[in-house]
Amino acid sequence: MKRIFILALTSIIFFSFTLGFTGQTQASMASGEYVIFRANIPPMFILNSSAPIQVLAIPFESNKPISATVTIHIQIQGINVRYNFTDAVNILSGQGKEIYLPAINRTGHYNMILYADYHGLLSRKVNQDFAVCPAPRPYQLYFDPDGSHIHFKSLVLNATGHIDPNVTFTIQIYCWNGQQQSLVATYRHITNITIPVPESWKTGILIVNVIDEYGWVNGMTINLAAFQFQGAPVQYDYHYAQREPFASRQLWYLVAAVVVILGIAYGIRRWYDGK
């Protein structure tokens, strides 16, 4: 009898290890218990800056969502750098939550693993990589009101308070003629420049991109929280008066003006006829 009990206990232990039994499960098919988990991880983080990730977890019992506290487990490892970070954060189920990660002080390639835990019931894991990059370099870019010149100035200053000549930018200028976009000029190693716009560029919409030394494109208008990692360019439309809805408004104004003039002329004629 004792031998049979030992064999049965050995079999239970064997099958437990074979099935990966650890006291925690991803789902219980018999009872309909599981945790749905979603995570939004940006592909890029700024060096030395805390950044949020967005998470949402919903535990289910008998295939029905329940209101409860869920623990979010976070694991970050460097892929081409030495870095390790782990944390656990409690959130309320069914409510999206932003979790701010600690600032990372080394550029490189990283991997993040996230999962939700409800009393030992685990969600599926989210496993994604991301990069840590230096912040975009600041600058100023604008057109003259009449579109005659493009002005660019680096806002990176050295110890003396002057523009740092060692931090340069690339400026790319494109023209869109209503059908296609073509590159018309490239300026490299720029810190401060005023570019006159020739007549040959004034054939549509002029588009100006700025690329800094770290590869950010139009870095002054990026929005990491909105997953916008390439900023909007500065533009000037030289044919705006010929485009809708402005063109239709011009026609409407012309028709209105003609009607007013005819009305005035008719009134004057009536006045003379009545004399």
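For residue 49 and residue 203 in one chain, what is 0.36 nm times their gap in residues minus the Cα-Cα distance, to one decimal in nm? Write down the numbers at each step before the final one.
Working: separation 154, 0.36 × 154 = 55.44 nm, distance 4.25 nm.
Full extension from residue 49 to residue 203 adds 51.2 nm.
Stretching residue 230 away from residue 103 to a fully extended chain increases their span by 43.6 nm, per 0.36 nm per residue minus the current alpha-carbon distance.
With r defined as the distance between the Cβ atoms of residue 192 and residue 158 and R0 fixed at 22 Å, what FRET efficiency is calculated, to the nearest 0.05?
Values: r = 13 Å, r/R0 = 0.60.
According to the calculation, E is roughly 0.95.
Between residue 127 and residue 221, 0.36 nm times their residue separation minus their Cα-Cα distance comes to what?
Details: separation 94, 0.36 × 94 = 33.84 nm, distance 2.89 nm.
That pair, residue 127 and residue 221, stretches by 30.9 nm at full extension.
Given a Förster distance of 25 Å, report the FRET efficiency between residue 142 and residue 181 from their Cβ-Cβ distance, rounded to the nearest 0.05.
Values: r = 21 Å, r/R0 = 0.83.
For residue 142 and residue 181, the calculated efficiency is 0.75.
Among 89-95, 56-62, 193-199, the peptide with the highest mean count of other Cβ atoms within 10 Å heads the list, and the full ranking is 56-62, 89-95, 193-199.
Couplings 3J(HN,Hα) of the range 181-188, computed from phi: 10, 10, 6, 10, 6, 9, 10, 10 Hz, in residue order, whole Hz [Karplus 6.51 cos²θ - 1.76 cosθ + 1.60, θ = phi - 60°; x for Gly and Pro].
Quick note: the coordinates plus some simple rules give every number you see, no bench work behind them. Since we're looking at a predicted model, the values are computed, not measured. FYI the Cβ positions are ideal-geometry reconstructions off the backbone, even for glycines, and counts take in every protein chain you see.
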